[in-house]
Amino acid sequence: MTSARVGVVPAVQCGLGLARARIAADLEPIAVRERPVAEAVGATLALALAAGTPLPRVDSAAMDGYAVAGPGPWWRLHQQVSYAGRGCSVVLAPGEAVRIATGAATPLGTTATLRDEHIVTTSVSGKPW
């Protein structure tokens, strides 16, 4: 079975690789154009963009939960909460945890951040531990 158009092969006779190769053979790269940032909205970068400084500047929490130190269990819960955009003076030792908000800098000593949904807290003598 052949097509009336020259060079066209029915899809059942060619594999995906052949189809991709034929399409790629007909593609031509778009010329690189330099534009001011205001005129480049929606454009694709022709080269990799490098940040002037390492980002993020500090390790930060990707979710609300608890910053923890060590393998657990975590017996001591600090009363301070670490919020985004504010400093946190807590330094965690193994077995300790602190509440942390999304985007907040993780305290020194943090080995993991646990999501709120995965936490069970208890108290001893009326005080959270």
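The values are calculated or read from the model by the stated rules, or taken from the named source; none is laboratory data. Not measured: the values here are computed from a predicted model. Because the Cβ atoms are built from the backbone with ideal geometry, glycine has one as well, and the counts that use them run over all protein chains shown. Heads up: the accessible areas ignore ligands, DNA and RNA and are worked out on the full protein's heavy atoms, side chains in. Shrake-Rupley method; radii C 1.70, N 1.55, O 1.52, S 1.80 Å.
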### Query
Computed over the Cα atoms of segment 67-118, what is the ratio Rg over Rh, Rh following Kirkwood?
0.92
### Query
Share of the chain's accessible area from carbon and sulfur, percent, 1.4 Å?
60
### Query
For the chain, what's the relative contact order in percent, using C-alpha pairs closer than 8 Å and at least 6 residues apart?
22
### Message
What does DSSP give for segment 39-129 in terms of the percent of beta bridges that are antiparallel, rounded to the nearest 5?
### Response
70
### Message
List the GluC sites (Glu not before Pro) within segment 25-129 that DSSP assigns to loop and that have no more than 11 neighbouring Cβ atoms inside 10 Å.
### Response
Glu34
### Query
Residues with beta-carbon under 10 Å from that of Ala43, excluding Ala43: net charge, scoring Lys, Arg +1 and Asp, Glu -1?
+1
### Task
Please work out how much length the chain gains when fully extended from Glu39 to Ala51, using 0.36 nm per residue of separation minus the C-alpha to C-alpha distance, in nm with one decimal.
2.3 nm
### Task
Just reorder Tyr66, Tyr83 by solvent-accessible area, largest first, 1.4 Å probe, all chains present.
Tyr83, Tyr66
### Message
Given the DSSP H assignment, sum -39500 (n - 2.57) over each helix run of at least 4 residues in the chain and divide by its residue total; what's the result at 222 nm in deg cm²/dmol, nearest 500?
### Response
-2500 deg cm²/dmol
### Task
Compute the acute angle (0 to 90°) between the alpha-carbon long axis of helix 16-26 and the principal axis of greatest extent of the alpha-carbon atoms of the chain; round to the nearest 10°.
70
## Note on the structure
Of the residues Ser89, Gly65, Thr102, the Cα lying farthest along the dipole of segment 42-129 towards its positive end, which is defined by charges on the beta carbon of Lys, Arg, Asp and Glu, belongs to Ser89
### Message
I'd like to check one number: the per residue accessible area of segment 21-129, probe 1.4 Å, reported in Å² as a whole number.
### Response
78
### Query
Could you give the dipole magnitude of the chain about its Cα centre, charging the beta-carbon of Lys and Arg +1 and that of Asp and Glu -1, in debye to the nearest 20?
60
### Summary
Sites removed, the longest contiguous part of the chain containing no DSSP-loop trypsin sites (Lys or Arg not before Pro) with at most 13 other Cβ within 10 Å is 87-129
